Amino acid sequence: MNRPDLAADTDLCVKCGLCLPHCPTYLQTQDENESPRGRLSLIQGWARGALAATPELVRHVDNCLLCRACEAACPAYVPYGGIVDRFRGEVGELGKSSAAKLKTAALRKLLVGGGVRHRAESLMAGALGGAVLRGGGFLLEAAGLGEVAAGLPASAGATDWSGVHPASGPAETGRADLFLGCTANLLDAETVSATLRLLNRLGVRVRVPEAQACCGALHGHGGDARTAAALMERNLAAFDGEDAIVGFASGCGAMLRDYRERAATEAAARFAGRVRDIGEFLAGLPWPDDLALLPLEAKAVVHAPCTLKNVLKADRHAAVLLRRIPGLEVVPLPAQVRCCGAAGSYSLEHPEMAGALRDEVLDRVAAERPAFLATSNPGCAMHLRAGLKRRGLGGVEVLHPVALLARCLPG
């Protein structure tokens with residue numbers, strides 16, 4: 001294989017090693033092949049035709065979480081995430097075990113199969129009972145998705161939010177388009193309702209385009225570049241206009257922001273420039289003087305997903321917003337806390353590494369003994385919720401910061 005374009009991008013890495021202290025897999029293994037510069041060297045060798053895409057080589061790249069902490073630390077601004085995605089798109093699922101392929105296929109079918117939004121209740125019942133998911137034809141347990149079942153929230157409702165949600169109050173102060181992603185009903189029903197309620201209360205008219213699709217992150221990061229591109233085109237068409245595109249799932253927001261590089265068109269650049277995380281968007285709105293949140297005497301630990309920190313650069317807003325709640329003690333996890341190990345489908349394909357990384361996060365959470373764990377990504381929420389249950393800490397409620405804010409709205 002000779003891919004001079006990909007080789008040229010890997011040449012941007014000067015092998016300085018400043019990424020090493022930020023890479024979760026390298027810190028766990030101390031294996032240079034499991035570091036960003038090590039993986040870039042492997043991809044570089046393949047792109048120049050010096051190395052074959054053997055299962056062993058591909059596995060080292062596949063073991064990457066794509067947390068992109070290395071990008072945030074890189075002085076040369078190497079587009080690491082894009083390089084890894086392009087490599088995975090070339091080699092496909094080479095090196096993956098049959099079990100890993102089955103789990104990923106089942107998860108994609110569960111989340112992005114046709115009509116998922118309107119089948120949420122039956123999907124939930126099937127997940128919690130390990131029964132057949134009729135829309136996808138998979139058994140959760142047979143597919144190795146027991147961890148998914150353990151991480152699901154307590155309830156879900158099949159709701160269609162499509163259309164325009166007018167601002168409440170005497171005047172409209174702004175407009176926004178809301179991106180739902182593919183987990184809205186299954187994992188995020190309360191978050192969607194909370195987002196709409198908060199934005200409307202702050203004077204924002206919200207449009208939810210019916211034609212929107214999955215962001216494509218699971219496909220794009222998993223080597224299915226064709227499907228990811230098709231989903232991207234659907235979203236570029238669905239979100240016509242100039243209003244901000246607000247998302248509440250940081251993984252989706254990061255993928256939407258990356259459309260700029262994936263499509264390299266003026267339309268994609270304009271689209272990416274409109275993408276905002278809900279925390280960032282809410283923090284930028286004027287809050288009415290008469291909007292006093294109800295008090296809540298409790299402690300909330302705030303977890304910042306990697307995509308929120310390293311791609312969207314919007315991790316500071318959740319804690320600031322939650323501090324608006326009188327009586328709530330807000331404790332952000334320390335900056336040195338690394339990836340929780342969820343990383344899309346990573347926790348299903350690499351359960352040992354994902355579990356080890358999750359333990360590091362949950363050790364910090366357990367020490368704080370909070371009532372709430374607030375995180376801005378549904379995949380992280382599901383992974384952390386399952387881990388808390390395993391530890392006997394199911395009483396710690398895992399939810400989106402916006403959901404906790406909305407619970408304290410008067411009325």
* **Scan of the stretch 359-379 for residues that are open to solvent by less than 10 Å² (accessible area, probe 1.4 Å) and among the hydrophobic types (A, V, I, L, M, F, W, C), ordered by number** => Val361, Leu362, Val365, Leu373, Ala374
* Among the residues listed as Asn33, Asn2, the single one being over 17 Å from Cys74 (Cα atoms) and in a loop (DSSP other than H, G, I, E, B) -> Asn2
* **Candidate set from the stretch 387-410 (those that are in a helix (DSSP H, G or I) and farther than 30 Å from Trp287 by Cβ); member that is most open to solvent (accessible area, probe 1.4 Å)** => Arg390
* Hey, can you tell me all the residues within the stretch 253-293 that are closer than 24 Å to Gly169 by Cα, modelled with pLDDT of 95 or more and aromatic (Phe, Trp, Tyr)? => Phe281
* Structure fact -> Listed by range, helices (runs of 4 or more DSSP H) wholly within the stretch 179-239 having at least 2 residues that are more than 20 Å from Arg407 (Cα to Cα) and polar (S, T, N, Q) are 225-238
* To do: Considering only the stretch 5-26, state which residues are touching a Ser or Thr at 6+ places or on another chain (Cβ under 9 Å), open to solvent by less than 60 Å² (accessible area, probe 1.4 Å) and not hydroxyl-bearing (Ser, Thr, Tyr).
  => Cys13, Gly17, Cys19, Leu20, Cys23
* Asked: Within the stretch 32-41, is even one residue within 25 Å of the chain's Cα centre (by Cα), over 19 Å from Thr307 (Cα atoms) and among the acidic types (Asp, Glu)?
  -> yes
* Asked: Restricted to the stretch 140-183, and to residues that are within 24 Å of Pro351 (Cβ to Cβ) and of a type in the set (D, E, K, R), which residue is modelled with the lowest pLDDT?
  -> Glu141
* Asked: So which residues in the stretch 274-315 are assigned to a strand (DSSP E or B) and under 16 Å from Gly379 (Cα atoms)?
  -> Asp277, Val302, His303
* Matching residues in the stretch 317-336 - criterion: being in a loop (DSSP other than H, G, I, E, B) and open to solvent by 20 Å² or more (accessible area, probe 1.4 Å) -> Arg323, Arg324, Pro326, Gly327, Leu333, Pro334, Ala335, Gln336
* Quick one: count up the residues across the stretch 193-222 that are of a type in the set (A, V, I, L, M), buried (at least 23 other Cβ atoms within 10 Å of the Cβ) and within 21 Å of the chain's Cα centre (by Cα). => 3
* In the stretch 240-268, what residues are open to solvent by less than 30 Å² (accessible area, probe 1.4 Å) and part of a helix (DSSP H, G or I)? -> Ser250, Gly251, Cys252, Gly253, Ala254, Met255, Leu256, Tyr259, Ala263, Ala268
* Return the pairs, sorted by first residue and then second, in which the second residue is open to solvent by 20 Å² or more (accessible area, probe 1.4 Å) and of a type in the set (Phe, Trp, Tyr), the first residue lies in the stretch 223-235 and is more than 25 Å from Leu178 (Cα to Cα), the beta carbons are less than 7 Å apart, and the residues are 6+ apart or on different chains. => none
* Every pair of residues 6+ apart whose Cβ atoms lie under 6 Å, when the first sits in the stretch 188-207 and is at pLDDT 95 or above while the second is surrounded by fewer than 18 Cβ atoms within 10 Å (Cβ to Cβ) and acidic (Asp, Glu) -> Arg205/Glu172
* Go through the residues of the stretch 306-314 one by one and say whether even a single one is over 15 Å from the mean Cα position of the chain (by Cα) and either of a type in the set (A, V, I, L, M, F, W, C) or surrounded by 23 or more Cβ atoms within 10 Å (Cβ to Cβ) (or both). => no
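The values are calculated or read from the model by the stated rules, or taken from the named source; none is laboratory data. This structure is a prediction, so every number in the text was calculated from the model and none was measured. Backbone-built Cβ (ideal geometry, glycine too); neighbour counts: all protein chains shown. Side chains are part of the model used for accessible areas, which takes the heavy atoms of the whole protein and leaves out ligands, DNA and RNA. Shrake-Rupley method; radii C 1.70, N 1.55, O 1.52, S 1.80 Å.
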